[in-house]
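*Asks:* Dumping the structure here so I can ask a few things about it.
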Amino acid sequence: MQLEEKDILILGIESSCDETAAAVVKNGRDVLSNVIYSQIDTHTLYGGVVPEIASRKHIEKINPVIKKALEEANVTLEDIDAIAVTYGPGLVGALLVGVAEAKAISYAAHKPLVGVHHIEGHVSANFIENKELEPPFMCLIVSGGHTHLVIVKDYGEYEIIGRTRDDAAGEAFDKVARAIGLGYPGGPKVDKLAREGNPHAIEFPRAKVAGSVYDFSFSGVKSAVLNHLNSCEMKGLPVNKADIAASFQEAVVDVLSAHTVAAAKEYGFTKVAMAGGVASNHALREGMLQRCKENGIELYYPRPELCTDNAAMIASAGYYEFIKGNTHGLDLNAVPNLKLGER
């Protein structure tokens with residue numbers, strides 16, 4: 001006799017940086033709720049994330065956020081099949097708040113616990129947005145702390161074929177934004193200002209890494225922007241911030257899209273996905289769409305609210321681990337430098 005398939009509900013918890021988030025996701029792809037408390041306004045005062053403040057805010061907000069997520073999904077903890085939580089990488093204090101909360105709920109409600117890699121969560125956001133997407137495919141992961149080019153072999157199975165040797169793309173955006181006086185958060189502000197500028201006004205360098213054709217390096221283009229600003233100041237020349245933002249962004253997008261499409265062609269993939277906060281960048285989406293279209297490749301990416309840190313993506317990734325039988329005990333701990341593919 002064939003058993004009737006049961007819907008699986010995962011409660012996801014995310015607290016790796018400066019967003020306190022909780023979500024309920026059904027069967028890995030259907031979002032019943034996705035609640036996010038952002039600390040951007042708080043950290044803007046300091047020009048970046050202050051880890052101690054972030055941790056304290058998580059402690060303050062995590063219970064109300066989880067309660068709201070359950071209410072919006074119209075479920076109780078009894079209805080939940082498992083608790084998924086980000087346990088790395090991220091800020092150790094921030095991660096500990098989410099992990100401790102998830103373990104407490106797991107213990108009290110007698111629910112399985114699933115630790116999720118934050119970057120795997122970003123990849124899984126594509127399964128929520130594009131319900132037809134299935135592995136294998138190539139994925140470009142671009143965020144404040146990570147720039148990876150990976151082959152998604154199966155759910156939870158990855159092969160890294162390219163990574164940044166220095167600054168991540170999002171980190172470079174933040175540093176350039178600070179240099180031209182845009183403040184924090186840098187990525188969205190550079191993206192907005194760049195629309196007013198000429199992307200070909202200044203020819204910033206496109207770095208290549210010797211012996212590693214798919215690796216990235218963004219410290220050079222960041223330094224080139226700083227050198228340009230210093231040169232203008234010494235020579236008394238006017239600084240066109242919009243042109244600098246557009247030209248810098250063009251250089252980064254050119255490298256990201258070229259590497260991704262070249263890798264997809266070499267490895268025989270006709271499906272490419274993007275993940276991470278920088279995947280919501282307007283120019284990157286346009287550049288990737290154009291390059292993919294020219295090469296007969298289908299491009300997938302989540303809507304902006306699923307690109308930034310959220311718990312729906314964690315619940316989605318947790319679902320695929322849970323149905324494979326991969327759960328954790330109450331000894332689960334935060335791992336701030338957790339590598340992709342580690343368990």
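*Asks:* Which percentage, to the nearest 5, of the DSSP beta bridges contained in the chain is antiparallel?
*Replies:* Numbers: 27 of 44 bridges.
Roughly 60 percent of the DSSP beta bridges within the chain come out antiparallel.
*Asks:* Can I ask one more? Going by how many other Cβ atoms sit within 10 Å of their own, how do 61, 131, 265 line up, fewest first? Can you show the working numbers first?
*Replies:* Working: 61 20, 131 11, 265 14.
Lowest count first: 131, 265, 61.
*Asks:* Let me ask something else. With the cut-off at 24 Å, tell me which of the pairs 26/192; 26/57; 265/293; 265/339; 153/265 have Cα atoms farther apart than that. Mind dumping the intermediate values first?
*Replies:* Details: 26/192 35 Å; 26/57 28 Å; 265/293 13 Å; 265/339 26 Å; 153/265 16 Å.
As for pairs spanning more than 24 Å Cα to Cα, those are 26/192; 26/57; 265/339.
*Asks:* Return the FRET efficiency for the residue pair residue 107, residue 254: r is the Cβ-Cβ distance, R0 is 56 Å, and the value is rounded to the nearest 0.05. Display every interim value, and only then the final one.
*Replies:* Working: r = 50 Å, r/R0 = 0.89.
Efficiency for this residue pair is about 0.65.
*Asks:* Another question, if that's okay. Quick one: putting +1 on the C-beta of Lys and Arg, -1 on the C-beta of Asp and Glu, what dipole do you get for the range 128-219 around its Cα centre, in Debye to the nearest 20?
*Replies:* Numbers: 11 positive and 14 negative charges, 82 e Å.
So the dipole magnitude of the range 128-219 works out to roughly 400 debye.
*Asks:* Now a separate question. Towards the positive end of the charge dipole of the chain, with charges on Cβ (+1 Lys, Arg; -1 Asp, Glu), say which of 116, 248, 100 has the farthest Cα.
*Replies:* Value computed over the given set: 248.
*Asks:* Label-point separation (nm) for residue 210 and residue 234, each offset 7 Å from Cα along Cα-to-Cβ?
*Replies:* 2.7 nm
*Asks:* With a 10 Å cut-off between alpha carbons and a GNM built on the chain, which of 58, 122, 43 moves the most?
*Replies:* Most flexible of the set in this elastic network: 43.
*Asks:* Moving on. Just subtract the alpha-carbon distance of residue 29 and residue 165 from 0.36 nm times their residue separation and send over the number in nm, one decimal. Mind dumping the intermediate values first?
*Replies:* Details: separation 136, 0.36 × 136 = 48.96 nm, distance 3.34 nm.
Separation in residues times 0.36 nm, less the Cα-Cα distance, equals 45.6 nm.
*Asks:* Taking R0 as 51 Å, what's the FRET efficiency between residue 326 and residue 195 from their Cβ-Cβ distance, rounded to 0.05?
*Replies:* Values: r = 43 Å, r/R0 = 0.85.
Computed FRET efficiency for residue 326 and residue 195 comes out at 0.75.
*Asks:* Oh, and also: How much mean residue ellipticity at 222 nm does the chain get from its helices, if each DSSP H run of length 4 or more adds -39500 (n - 2.57) and you divide by all residues, to the nearest 500 deg cm²/dmol? Please report the intermediate quantities before stating the final value.
*Replies:* Values: 11 runs with 151 residues, N = 343.
Per the formula, -14000 deg cm²/dmol.
*Asks:* Still on this model: Go through [x] 20.5, 82; [y] 23.7, 72; [z] 19.9, 68 and flag the label whose value is the computed Rg and Dmax of the Cα atoms in Å for this structure.
*Replies:* It is the value labelled [x].
*Asks:* Okay, next question. Would you mind putting 229-242, 290-303 in packing order, based on average other-beta-carbon counts within 10 Å, highest first? Each step should come with its number before you reach the end.
*Replies:* Values: 229-242: 11.6, 290-303: 16.3.
Peptide ranking by packing, descending: 290-303, 229-242.
*Asks:* With both partners inside the range 134-301, how many of the DSSP beta bridges are antiparallel, as a percent to the nearest 5? Can you show the working numbers first?
*Replies:* Working: 12 of 20 bridges.
Counting DSSP beta bridges with both partners in the range 134-301, the antiparallel share is about 60 percent.
*Asks:* Distance from the Cα centre of the range 29-85 to that of the range 273-341, in angstrom?
*Replies:* 18 Å
*Asks:* Tally Lys and Arg at +1 and Asp and Glu at -1 over the other residues with C-beta under 12 Å from the C-beta of residue 232: what net charge comes out? Don't jump to the answer; show the numbers that get you there.
*Replies:* On the way: positive: 235, 241; negative: 233, 243.
It works out to a net charge of 0.
*Asks:* Under 37 °C and 0.692 mPa s, how fast does the range 134-301 diffuse according to Stokes-Einstein, given a Kirkwood radius computed over C-alpha pairs? Answer in µm²/s, whole number.
*Replies:* Numbers: Rh = 16.1 Å.
Here the translational diffusion coefficient equals 203 µm²/s.
*Asks:* How many angstrom separate the Cα center of the range 100-175 from the Cα center of the range 199-227?
*Replies:* 25 Å
No lab work stands behind these numbers, since they all come straight from the coordinates. Everything numeric here is computed off the predicted structure, so don't read it as measured data. With ideal geometry, Cβ positions are generated from the backbone for all residues, glycine too; neighbour counts draw on all protein chains shown.
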